[in-house]
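Heads up: the structure comes next, in structure tokens.
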Amino acid sequence: MEFTELEARARALAAPGGRRILGIAGPPGAGKSTLAARLARALGPERAVVVPMDGFHLAQAELERLGRADRKGAPDTFDAAGYAALLARLREPASAPVTVYAPAFDRSLEEPVAGSIPVGPAVRLVITEGNYLLHEAGEWAALRALLDEVWFLAPDDALRVRRLVERHVRHGKAPARAREWVARSDEANARLIAAGRNRADLVVE
């Protein structure tokens, strides 16, 4: 599928008549954040804003307290209920013009940063991207009803894994450690995420 087709579909969602939320799901390294950013640029900041799921990572100190730091990125290393609450708030028509602030994830710090992304009242399309938008377990199950459309990205696995290793190396892991992390953690999450593929409105190969 060409980007122009995806852009046209996003533009249709961004038409006047209320705010819509487009979800972009897929395994680690699928290109979710790249596609979301490209769509937002094409539509323009007055019409579309990206709100990533990664802003709801638990802080590193909390992951260490819970004993989950060695599998950061698994479903229980996020604040799923907080993410769902923000999406619900973004869907509600405001009685007065109001800007809603969403968190971002700073990869240089490997930490979420609150209040980083303003979503102004004129924004027609919120593009949210993340691994677990179609996950059916626990608090994640509430997300699907909050999303007007969900696209699932399914690139070639060899390419996706190579991208993942390169990303981990760019952000400070030694190559051997990056390959180990991808094989042990990221790919375990990828298998879990794949189970939600059939719940997507569109699969982008």
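The values are calculated or read from the model by the stated rules, or taken from the named source; none is laboratory data. Predicted, not measured: the structure shown is a model, and the values here were computed from it. In this analysis, Cβ positions are derived from the backbone assuming ideal geometry, glycine residues included, and neighbour counts consider all displayed protein chains.
I need the full set of residues from segment 16-33 which are surrounded by fewer than 23 Cβ atoms within 10 Å (Cβ to Cβ) and touching a strand residue (DSSP E or B) at 6+ places or on another chain (Cβ under 9 Å), in order please. Talk me through it step by step, then tell me what you get.
Filtering segment 16-33 down to residues surrounded by fewer than 23 Cβ atoms within 10 Å (Cβ to Cβ) leaves 16-21, 28, 31, 33.
Hits for segment 16-33 are Arg19, Arg20, Ile21, Gly31, Ser33.
It is to be established whether one or more residues within segment 22-30 are without any contact (Cβ under 8 Å) to a residue 24 or more places away in the chain and either part of a helix (DSSP H, G or I) or touching a helix residue (DSSP H, G or I) at 6+ places or on another chain (Cβ under 9 Å) (or both).
Pass one, segment 22-30, residues without any contact (Cβ under 8 Å) to a residue 24 or more places away in the chain: none.
The answer is no, given that none of the residues of segment 22-30 is without any contact (Cβ under 8 Å) to a residue 24 or more places away in the chain and either part of a helix (DSSP H, G or I) or touching a helix residue (DSSP H, G or I) at 6+ places or on another chain (Cβ under 9 Å) (or both).
Does Ala48 satisfy being of a type in the set (A, V, I, L, M), touching a strand residue (DSSP E or B) at 6+ places or on another chain (Cβ under 8 Å) and within 24 Å of Val204 (Cβ to Cβ)?
Answer is yes for this residue.
Out of curiosity, is Ala40 touching a strand residue (DSSP E or B) at 6+ places or on another chain (Cβ under 7 Å) and outside any loop (DSSP other than H, G, I, E, B)? Please lay out each step first, then the result.
Working: touching a strand residue (DSSP E or B) at 6+ places or on another chain (Cβ under 7 Å): yes; outside any loop (DSSP other than H, G, I, E, B): yes.
Spelling it out, Ala40 is indeed touching a strand residue (DSSP E or B) at 6+ places or on another chain (Cβ under 7 Å) and outside any loop (DSSP other than H, G, I, E, B).
Contact list please: Cβ distance under 8 Å, first residue in segment 54-81 and among the β-branched types (Val, Ile, Thr), second residue assigned to a helix (DSSP H, G or I), pairs at least six apart or on different chains.
Thr77/Leu63; Thr77/Arg71
Would you mind telling me which numbered condition in (1) more than 24 Å from Gly172 (Cβ to Cβ); (2) in contact with an Asp or Glu (Cβ under 9 Å, 6 or more places away or on another chain); (3) surrounded by 19 or more Cβ atoms within 10 Å (Cβ to Cβ) Leu87 fails?
Failing condition for Leu87: (2).
In segment 148-189, which residues are within 30 Å of Leu90 (Cα to Cα) and not hydrophobic (A, V, I, L, M, F, W, C)?
Asp148, Glu149, Pro155, Asp186, Asn189
Which pairs do you get when a residue that is of a type in the set (A, V, I, L, M), found in segment 93-114, comes within reach of a residue that is modelled with pLDDT under 85 and assigned to a loop (DSSP other than H, G, I, E, B), reach meaning Cβ atoms under 9 angstrom, with the pair 6+ apart or on two chains?
Every condition considered, the pairs that remain are Val100/Ala94.
For the list (1) closer than 22 Å to Ala74 by Cβ; (2) among the charged types (D, E, K, R); (3) modelled with pLDDT of 95 or more; (4) surrounded by fewer than 15 Cβ atoms within 10 Å (Cβ to Cβ), I need the number of the one condition that Asp201 fails.
For Asp201, the exception is condition (1).
Quick check on segment 97-109. Is at least one of its residues among the aliphatic types (A, V, I, L, M), out of contact with any Leu (no Cβ under 9 Å at 6 or more places or on another chain), over 16 Å from Val150 (Cα atoms) and at pLDDT below 95?
At the first step, the residues of segment 97-109 found to be among the aliphatic types (A, V, I, L, M) are 98, 100, 102, 104, 109.
Now restrict to residues that are out of contact with any Leu (no Cβ under 9 Å at 6 or more places or on another chain): 98, 104, 109.
Still in the running and over 16 Å from Val150 (Cα atoms): 98, 104, 109.
This time we only want the ones that are at pLDDT below 95, so: 98, 109.
Checking segment 97-109: at least one residue is among the aliphatic types (A, V, I, L, M), out of contact with any Leu (no Cβ under 9 Å at 6 or more places or on another chain), over 16 Å from Val150 (Cα atoms) and at pLDDT below 95.
Could you say whether any residue in segment 84-103 is of a type in the set (Gly, Ala, Ser) and part of a strand (DSSP E or B)? Let's see the steps before the verdict.
Filtering segment 84-103 for residues of a type in the set (Gly, Ala, Ser) gives 84-85, 88, 94-96, 102.
Now narrow it down to the ones that are part of a strand (DSSP E or B): 102.
Checked segment 84-103: at least one residue is of a type in the set (Gly, Ala, Ser) and part of a strand (DSSP E or B).
For segment 52-81, which positions are at pLDDT 95 or above and either out of contact with any helix residue (DSSP H, G or I) (no Cβ under 7 Å at 6 or more places or on another chain) or farther than 23 Å from Asp186 by Cα (or both)?
Hits for segment 52-81 are Asp54, Gly55, Ala59, Ala61, Glu62, Glu64, Arg65, Leu66, Gly67, Asp76.
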